[in-house]
Amino acid sequence: MDQKTLKKLVESISNTVKNFKKSEVECLLILFHSLVERANVRLNNFGLDRNAFRAILHSIFGMTNDILMNRVFFAFDKDNDNCINAKEWVKGLSVFLRGTFEEKLKFCFEVYYLNGDGYISREEIFDMLKNSLCQQSSEEESDEGIKELVDITLKKMDYDNDGKISFADFEKAVKEERLLLEVFGPCLPEAENCIDFEALAFGHILTSSFGM
Amino acid sequence: MGVALTRSAQWSAAGYGTRTLEITPLNEAILKEIIVFVASFIYKHPQEAKYVFVEPLEWKTNLDPSAFESGYIVSETTVKSEEVDKDGQPLLSVSVPHIRVRSFGQLSRLLLTAKDMKLKEAQACIEANRDPVTKILGLDYNTMKEDTSVVNILDKITKDEDPESEIKMKLGMLLKQLDLHLLNHSLKHISLEIRLNPTIVKNDIELLKHFSGKGEQTVLESIDYTSDYEFSNGCRAPPWRQIHGEICYVLVKPHDVETLCITCSAEGVFLNGGKTDDEGEINYERKSEIYKDLVTFLKERSAKFSENMSKQDVRFSGEWKKKEALKEAPKKEEAAALQKALPASGKSVLEKNYINFGKSQMTKRLQPSLNWKATFDFKDKGASKDTQEEKHGRRLERSGPPVSPRRSQLVRKSAEKIEEIISESSSESEEDEEPPDHHQEANAGLPSEYWQIQKLVKYLKGGNQTATVIALCSMQDFNLAQETCQLAIRDVGGLEVLINLLDTDEVKCKIGSLKILKEISHNPQIRRNIVDLGGLPIMVNILDSPHKSLKCLAAETIANVAKFRRARRAVRRHGGITKLVALLDCAQNSGEPSQSSLYDARDVEVARCGALALWSCSKSYENKEAIRKAGGIPLLAGLLKTSHENMLIPVVGTLQECASEESYRTAIKAERIIENLVKNLNSENEQLQEHCAMAIYQCAEDKETRDLVRLHGGLKPLASLLNNTDNKERLAAVTGAIWKCSISKENVTKFREYKAIETLVGLLTDQPEEVLVNVVGALGECCQEYENRVLVRKCGGIQPLVNLLIGINQTLLVNVTKAVGACALEPESMMIIDRLDGVRLLWSLLKNPHPDVKASAAWALCPCIQNAKDAGEMVRSFVGGLELVVNLLRSDNKEVLASVCAAITNIAKDQENLAVITDHGVVPLLSKLANTNNDKLRRHLAEAISRCCMWGRNRAAFGEYKAVAPLVRYLKSNDTRVHQATAQALYQLSEDADNCITMHENGAVKLLLDMVGSPDQDLQEAAAGCIYNIRKLALATEKARYT
């Protein structure tokens, strides 16, 4: 990508993303390009597909949960074209790295509700918590345990008692107890990972050590 | 058998004499055992079977004479055995319906004959013969049973060689064996008995409710409690029924039978007399057999229920099984606990005895709560351990020490004791006694929270980070300030998990865990458990974490835990003090008030938590030292400049604790802390005021500090705080500060200016002792000045002061006597004291066991005797008073001795009294004290001696008792007051020639010559007088020699 288009892109993105300086946006874009090229995608859209993105989440941000990595991908992918473009990349990272509490709250909620109805349903919770118990003696018992865990969560967070968690519920619960921000599994990077990432991205020391 | 029958068998309550055995499983079991014993007797012990009972066993039989076969002479209504005794009487005879049996052989046969009727016959026999052993062996053998010892038995056997008595002996032993056997048997039986508790019953009913309703598929049409009110122990039965062990009553409407009114009790479930419709009263009488639980009962009663149950079973059993598992473990200790809680229903009056017996056995076997925990751990950890460690590797199982925790605690404790003796501390008293754990009681009625918490702990143990965080957050919703919840967390093994979580790398888990620990550590038992589980070192490590909120939580938890000695030491040993002091540094560089709004609020929070923890820790001497060495004082001084009240309280609290140490007081002066303490006296916060006043109280032992308080304007706020008497803690601290400050005269003047003395006098009544001690102490200091003495008298302070002389608090008595003594300096006040009989009260305090009180009372007596009118008469009026004073000279406390000498000086001013004390042997006692280096004692002793010389031949006596030579040495003391008193004494003593010689021999002349040069006229005069006497004697001797 030539300097001119890059500058243009930086300019347009900087107008919407306030958390980064222009120079930082530029760094992120350069990183994005190198990642895309490395991933060697030949798609109509220039961007990261799900696998490439998951690899990044895993290697850079230390995420392990497959389901949640997919969901994070969808949360990044605002236009639902199964591909993260440059703008989505910078926007997503702004929440990841520099997001305010409110932004993160919103982001997490987006990750957790999948079917787009604006609520996290009992079934969705069950899916997300499915692997949260260490193997018990039988499938059935473990299912029972998860179900109870879902009940506990709903009891705690479902303030309006409609059997699902609305954004209002979520916001209220998390504001009361911040530990509940990533209640259904880690979907934000750890602080240390963020620091590492920023050092890498903004320090122009991108090497091939990403192990992709 | 006797013991078993009276203790174990469940007799019906219907009167004496005709009592019958109830048909209970236990009784049945006992009877069966007896039958087995008797039936086999004829084979096992043929010899003894022939033994003829002393008295026949008689009862009403149901057997038909025709049932008897060979060996018996049978008629229509009578039966006689062919077997007869020595006198030809048959050993068994029946005349319907009465039967008499006189040997075990016949009893055995009878049982064989009875066939199916065995049980009935045995029961009838036991019922009619309440004490079979006596009848069989005779009265003497039965009583002998009480003190059965082998010696006793052997003795009897050897004494009368009679073969019959030997058989009797054997029989007696056999019966005793049977007795033991029966007791054991019934114990076994009891331990198998079902014991329901409110929680189990409630769960059952709730579960059944779940599956009840209209329709074919449900198990019941309805199931309802008769009462909506649930007592705190989970029972719904009225209290007077609860003592019978009844828990609740339910109305059950099965599909196929009428509504059943069922009683659920600790013993089991049974049908009662039903609920009468008009009054709603329940007929509590039992109408059916007892079943082990509701489901069994209903299965028996309703076919439909049992059918539908089996259909539901698939779903049901899952939930049921879980419940069962829970029930399993606590069941037995429940039995014991519940029985304790619900004692003595009609029949269990008898039962109670063996329950106690049984319980002790059971506890030995089960060890209630510990075991309960152990089994629990097993189940959960065992199942999930492997996978857990593999998958997450984070939850390191703590490798516990091989010693059991209790044991190791013991070992630790004894080691600790040794150290504690060495390191003493000022303010460790109140919370340091380790209260006994009351584990057991907690089981009596388990609240529903218990089970919910148990479930959550399961997720903590078996869940990944996400599940753990959810469980932790959910746990916070319980009322963690409630002891039930606190202990529930511990009892289900939650503490271990919470502490293990602190050892992981998961910040969120650590935060969640600490949030809970912080709350539950308000409970003293939990604190100890946390320390026992090694929680403190982990928390101390967290203090290094980069996460501020973690630091805060850890410090706050430490603040809660470190409320007792062992915990405080653990914090120090693991380097916690240094780390906590480092936390204080967070909020530094913020000294200037203009910037205070700019710095991160959370830094202040970190410092506040650090100060909180240090406050708790600062109650141990070693920790005070550690805080100082870690550079805590300047940091605390810095924090003192902030204006955050919740920060200031722990900071001042810590300083106040530490100010008990000299090193701190010096540092406090140097760090200009007093200034800020004074400033905060003006705060709005009562607690802060209290701690500031307390800190001033501690520090004001030092004159410079007292001056600083005045210079910074601290006296005025102190005086004005006196007017608010509602908060007694604060009042105590404020009066304490005033007391110590008033040691400086300048301060007293200020206090008078602020009208504090009047207020203090007003506080002499209706205040707690802590306040009184300080108020009286302050008045004692103030009354050293004339104006204040007048003031106190005018405000009516003397009466309440004298009234306080009757107290028992030693510190208070010391202060009161001092204050009264100070008042007595004023003749006008003295009159009031005398009128109120204050002198007698002071005098009687000489008998107080505490030396400080004795000394203080003796000091106070001096001005009293000086200023009282007719002092001599007054002193003589105290019967035995003079003897008491003289005998106090035998004390080994220097202060007491000095004060008593001073008192004697005053008493001896009256010739008559001097004569009396001389008779009581004051001279040898005083002389004995002469060899001392204590200047205070020297001075008062010398004064006393000089006074006592005024009577009879006391001068010579002092010489004989060798008091003179030591007195001469007093002249070498550095204290001029000693010189004066000694010179006086020597002058008096020199009237006796022998004494002059002794003085001369001991080089008194040269010393006295020096004294003559003193500016003190009295001293000059006395010294000169003494020299004159010595010289006169020398001249006289010379004259005598040459003439």
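The values are calculated or read from the model by the stated rules, or taken from the named source; none is laboratory data. Quick caveat: nothing in here was measured; it's all calculated off a predicted structure. Note: ideal-geometry Cβ built from the backbone for every residue, glycine included; neighbour counts use all protein chains shown. Ligands, DNA and RNA are excluded from the accessible area calculation, which covers all protein heavy atoms including side chains. Shrake-Rupley method; radii C 1.70, N 1.55, O 1.52, S 1.80 Å.
Brief remarks on what is shown
- Contacts under 9 angstrom Cβ, first residue in segment B:769-780 being open to solvent by 10 Å² or more (accessible area, probe 1.4 Å), partner among the aromatic types (Phe, Trp, Tyr) and in a helix (DSSP H, G or I), 6 or more apart: B:Val773/B:Trp739; B:Asn774/B:Tyr697; B:Asn774/B:Trp739
- Those residues of segment B:743-795 which are under 18 Å from B:Lys716 (Cβ atoms), of a type in the set (Ser, Thr, Tyr) and not in a helix (DSSP H, G or I), in sequence order: B:Ser744, B:Tyr754
- Some residue of segment B:475-491 being touching a strand residue (DSSP E or B) at 6+ places or on another chain (Cβ under 9 Å), free of Cβ contacts under 8 Å to residues at least 12 places away in the same chain, under 24 Å from A:Glu144 (Cβ atoms) and facing chain A (nearest Cβ under 9 Å): no
- Counted as qualifying within segment B:616-671 are the helices (runs of 4 or more DSSP H) with 2 or more residues that are in contact with a Ser or Thr (Cβ under 6 Å, 6 or more places away or on another chain), namely B:621-629, B:645-658.
- Taking residues in segment A:145-163 that are at positive phi, and partners anywhere that are in a helix (DSSP H, G or I), the pairs with Cβ atoms closer than 8 Å and at least 6 places apart or on different chains are A:Gly163/A:Arg122; A:Gly163/A:Leu154.
- Exactly one residue out of A:Lys147, A:Lys164, A:Lys172, A:Lys155 is open to solvent by 10 Å² or more (accessible area, probe 1.4 Å) and either within 18 Å of A:Leu68 (Cα to Cα) or at the interface with chain B (Cβ under 8 Å from one of its Cβ atoms) (or both), and it is A:Lys155.
- Scan of segment B:822-834 for residues that are buried (at least 23 other Cβ atoms within 10 Å of the Cβ), in a helix (DSSP H, G or I) and in contact (Cβ under 8 Å) with a residue 40 or more places away in the chain, ordered by number: B:Ala822, B:Cys823, B:Ser829
- Segment B:504-532 - residue that is within 14 Å of chain A (Cβ to nearest Cβ) and among the β-branched types (Val, Ile, Thr) and, of those, farthest from the chain's Cα centre (by Cα): B:Val507
- Any hit, segment A:75-96, residues being in contact with a helix residue (DSSP H, G or I) (Cβ under 8 Å, 6 or more places away or on another chain), within 14 Å of chain B (Cβ to nearest Cβ), in a helix (DSSP H, G or I) and not basic (Lys, Arg): no
- Within segment B:851-876, the residues that satisfy the criterion of being crowded, with 18+ Cβ neighbours inside 10 Å and touching a Leu at 6+ places or on another chain (Cβ under 8 Å) are B:Val853, B:Lys854, B:Ser856, B:Ala857, B:Ala858, B:Ala860, B:Leu861, B:Pro863, B:Cys864, B:Asn867, B:Val875.
- Beta carbons closer than 9 Å, at least 6 apart along the sequence or on distinct chains, never pair a first residue in segment B:937-956 that is at pLDDT 90 or above and among the polar types (S, T, N, Q) with a second that is open to solvent by less than 60 Å² (accessible area, probe 1.4 Å) and not in a helix (DSSP H, G or I).
- B:Gln47, sole failed condition from (1) in contact with a helix residue (DSSP H, G or I) (Cβ under 7 Å, 6 or more places away or on another chain); (2) surrounded by 14 or more Cβ atoms within 10 Å (Cβ to Cβ): (2)
- In this entry, B:Thr143 passes the filter for residues that are more than 20 Å from B:Phe37 (Cα to Cα) and either modelled with pLDDT of 75 or more or β-branched (Val, Ile, Thr) (or both).
- The residues listed here are A:Asn193, A:Asn131; of these, the one that is out of contact with any Pro (no Cβ under 6 Å at 6 or more places or on another chain), facing chain B (nearest Cβ under 9 Å) and either modelled with pLDDT under 90 or surrounded by 15 or more Cβ atoms within 10 Å (Cβ to Cβ) (or both) is A:Asn131.
- Test result for B:Glu319, within 25 Å of B:Leu26 (Cβ to Cβ), in a helix (DSSP H, G or I) and at pLDDT below 75: no
- Residue within segment B:958-981 that is of a type in the set (D, E, K, R), crowded, with 22+ Cβ neighbours inside 10 Å and closer than 28 Å to B:Asp919 by Cα present: no
Per-residue answers, yes or no, for (1) modelled with pLDDT of 70 or more; (2) closer than 15 Å to B:Leu648 by Cα:
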{"residue": "B:His574", "(1), (2)": "yes, no"}
{"residue": "B:Lys579", "(1), (2)": "yes, no"}
{"residue": "B:Ser594", "(1), (2)": "no, no"}
{"residue": "B:Ser597", "(1), (2)": "no, no"}
{"residue": "B:Arg602", "(1), (2)": "yes, no"}
{"residue": "B:Ala611", "(1), (2)": "yes, yes"}
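- Residues within segment B:959-989 that are among the hydroxyl-bearing types (Ser, Thr, Tyr) and at pLDDT 90 or above, tallied: 4
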